[in-house]
Amino acid sequence: PPRYTLFPYTTRLRSDETFCQSMAGDDKRPSGAADFLQDNDVSGRVFGDWPFEGYLHWRCPQLRLFIGGRATQIYTLDTLHAYGRFGNNPQPAAALAEWDTHLAVVPLEREYLHIVDQIAFAGGAHWALVFYDGRTAVLADLESPPTRALAERVAARAARAFSRSVEVRQTGQVYKFE
């Protein structure tokens, strides 16, 4: 039988905020990304940053999140180890494909910048940045028909997008829209 463990939720507190304020802080929630996903009827399996899971589950119940930070959630040890190794994985796109995950919602923080760069902007990359609001990125796998269709709608300006400027890059082509 599989072994399970509880992975506790942790958060970084700023010196000027209480624990409750940090849990409710808008600056930590991917609200723009959730709006984008809802407005464009995006569904399916998603890799999200650990603390995003509860919020995305609440705002976008049609998404199936790979793993997340709800304190009562239980995962197999294999899943926890896979998530823990993801940040150092030399081939993050291959790991996402192995998990049958074709969409990623991640903060643009130090731990994810190299992953975003590698899967969306490096030579031979087959993922596209379909949403960016200055804090959070949504990336779509161009090899998966549903997420490729989303990227094509974004590139054609047919997707409902957040009001900030967004770029979609795909192997040498750059699409910009407001």
Given a Förster distance of 30 angstrom, what is the FRET efficiency for ALA97 paired with PHE121, based on the Cβ-Cβ distance and rounded to 0.05? 0.95
Between SER43 and TRP58, how many nm apart are label points set 7 Å from Cα along the C-beta direction? 2.3
Could you sort HIS57, HIS126 by their accessible area in this structure, using a 1.4 Å probe and putting the largest first? HIS57, HIS126
Which value in nm describes the separation of the simple spin-label points at THR76 and ARG153, placed 7 Å from the Cα toward the beta carbon? 3.3
Amide H to amide H under 5 Å from ARG64: which residues, 5+ apart in sequence or cross-chain, H placed 1.01 Å off N in plane? GLY44, ARG45, VAL46
Efficiency of FRET from Cβ geometry, LEU108 and TRP50, R₀ 22 Å, rounded to 0.05: 0.90
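The values are calculated or read from the model by the stated rules, or taken from the named source; none is laboratory data. The structure displayed is predicted, hence computed values, not measured ones. Using ideal geometry, Cβ is built from the backbone for each residue, glycine included, and neighbour counts are taken over all protein chains shown. Keep in mind that these areas ignore ligands, DNA and RNA; they rest on the heavy atoms of the full protein, side chains included. Shrake-Rupley method; radii C 1.70, N 1.55, O 1.52, S 1.80 Å.
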